[in-house]
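Structure record follows, encoded as structure tokens.
Please treat every number below as a calculation from the coordinates, not as lab data. Remember, it's a predicted structure, so these values are computed and weren't measured experimentally. Positions of Cβ are backbone-derived with ideal geometry, glycine not excepted, and every protein chain shown enters the neighbour counts.
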Amino acid sequence: MNEIYLHQNSYKNYPVETLFKKASEFGFDGVEIGISYEKAEEEILLFKELKEKYKLKNVILHRPVRTVKEEEFENADKEIEMFAEIIHFAKKHLNIELINTMAASTLLSKDAKYIEYDKNGSAIAKEFHFERAAQTFKKISRIAEREKIYLAVEIHGCLIHDTPESTLKLLKMINSEYVKINFDYGNLYLRKQEYKVEDVLNLLFPYIIHSHTKNLRKIVDMPENGDFSFFFTSIKEGEIDYRFIVLKLKERNYRGSFTFEYPGSYGDPDLKVKNDIIYFRELLEG
């Protein structure tokens, strides 16, 4: 059975312990949570304590890497060193198996808004942007491989890996069995270009190890040019058909994990979380 995790965004306004408590209460396998460089050891020990207290199976850490831009790449060795320390300490104390990551240097086109994803990220990236990220992740991946920890590169707007094609390009440049993909269809759905689920899976499925699962509704502001705004919903109430996505993943014998993510959440998070986990487990078991 696929493991399901609860993202820290779900209870971002609450103490950290609430995330672990709610994950346990509603039957999640674990949590996905960000970690800093500055307080990594302190945070990992806290996560270990809470994981054990609430009897969760595992923790997925989230840690981006920033070496795409020139001024960042100059400090690449330090970035790699700090990431390596997280890998070693988290393996020792949390026995983690997966870190969600990204080449998290936003590339914005001149005069484009952040939300204009089709104009940013890989649309304006140069080859040297990919080369910098690939060089960094190659070194990190060797450390991760020694600890048997996989890295999942999240498909994310305004980054060099913001489309299926650009994400696959980066993975092939890194060329490591321990660097895979976080299939975040919600992030693709926010782009003007339509990405059909089956097309994306046909291209990326061999590399997918993890999937951020979120949903939303679009509000069309300017039909003549396709502009829209959006708001996030519960997983079962948005426009993305997760019944279809789960069906297509099951057809391919997907064994990876899912993380429920509620960015920009509103209202009482319990109302979404406790109902969505029931709905999603029924999809997986159906």
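Excluding same-chain neighbours fewer than eight residues apart, the aspartates and glutamates reachable from K180 by a Cα-Cα span under 15 Å are E97, E145, E154, D162, E165. Can you flag which of K69/K138; K113/K218; K78/K148; K172/K274 are past 29 Å Cα-Cα? The answer is K172/K274. Dipole magnitude for region 144-222: about 100 debye, using +1 per Lys or Arg Cβ and -1 per Asp or Glu Cβ, origin at the Cα centre. Only one of (i) 148; (ii) 130; (iii) 253 was calculated from the structure for volume of the Cα convex hull per residue in Å³, and its label is (ii). Summing +1 for each Lys or Arg and -1 for each Asp or Glu among the other residues whose beta-carbon sits under 12 angstrom from that of I87 gives +2.
How charged is the neighbourhood of I4? Take every other residue with its Cβ under 9 Å from the Cβ of I4, and add Lys/Arg as +1 and Asp/Glu as -1. Write down the numbers at each step before the final one.
On the way: positive: R281; negative: E3, D29.
Combined, the nearby Lys, Arg, Asp and Glu give -1.
Please give every one of the aspartates and glutamates within straight-line cross-link reach of K272, meaning a C-alpha to C-alpha distance under 18 Å, and leave out same-chain neighbours fewer than 8 residues apart. Here the aspartates and glutamates satisfying the reach criterion relative to K272 are E25, D29, E32, E237, E239, D241, E261, E282. Computed over region 175-286, relative contact order equals 25 percent, with contacts defined as Cα pairs under 8 Å that lie 6+ residues apart.
Could you tell me whether region 165-286 comes out rounded, prolate or oblate from its Cα gyration tensor? Rule is a ≥ b ≥ c as square roots of the eigenvalues, rounded for a/c under 1.5, then prolate if a/b exceeds b/c, otherwise oblate. Taking the square roots of the gyration eigenvalues as a ≥ b ≥ c, region 165-286 is oblate.
When the dipole is taken about the Cα centre of region 1-88, and only Lys, Arg (+1) and Asp, Glu (-1) are charged at their Cβ, what size is it in debye, to the nearest 20?
Working: 13 positive and 19 negative charges, 132 e Å.
For this selection, approximately 640 debye.
Structure remark: mean-square fluctuation, Gaussian network model of the chain, C-alpha springs under 10 Å; the largest value among E38, E81, E52 belongs to E38. Quick check: Cα centre of region 32-53 to Cα centre of region 100-151, how many Å? After rounding, the separation between the Cα centres reads 25 Å.
Each label point was placed 7 Å from the Cα along the Cα-to-Cβ direction; for R255 and E41 their separation is 3.6 nm.
Where in region 155-170 does the amide nitrogen come within less than 19 Å of the point 7 Å from the Cα of I124, taken along Cα to Cβ? Answer for region 155-170: 156-163, 166-167.
For A152, the amide hydrogen comes within under 5 Å of the amide hydrogens of I99, N100, T101, K180, counting only partners 5 or more places away or on other chains and with H modelled in the peptide plane.
Out of all DSSP beta bridges in the chain, what portion is antiparallel? Express it as a percent rounded to 5. Display every interim value, and only then the final one.
Working: 7 of 35 bridges.
Taking every DSSP beta bridge with both residues in the chain, the antiparallel ones total about 20 percent.
Shown for D270, D184: other C-beta atoms within 10 Å of each C-beta, ranked fewest to most, produce the order D270, D184.
Across region 4-285, the relative contact order, built from alpha-carbon pairs under 8 Å that are at least six residues apart, equals 17 percent. For I160, the residues whose amide H sits under 5 Å from its own are S105, ignoring neighbours fewer than 5 places away on the same chain, with H placed 1.01 Å from N. Assuming charge only on the beta carbon of Lys and Arg (+1) and of Asp and Glu (-1), the dipole of region 4-285 about its Cα centre is about 660 debye to the nearest 20.
Name the residue from N215, A112, T259 whose Cα lies farthest towards the positive end of the charge dipole of region 4-285, charges +1 on Cβ of Lys and Arg and -1 on Cβ of Asp and Glu. The Cα lying farthest towards the positive end belongs to T259. Comparing K12, K110, K172 in a Gaussian network model of the chain where C-alpha atoms under 10 Å apart are linked, the largest mean-square fluctuation is found at K110.
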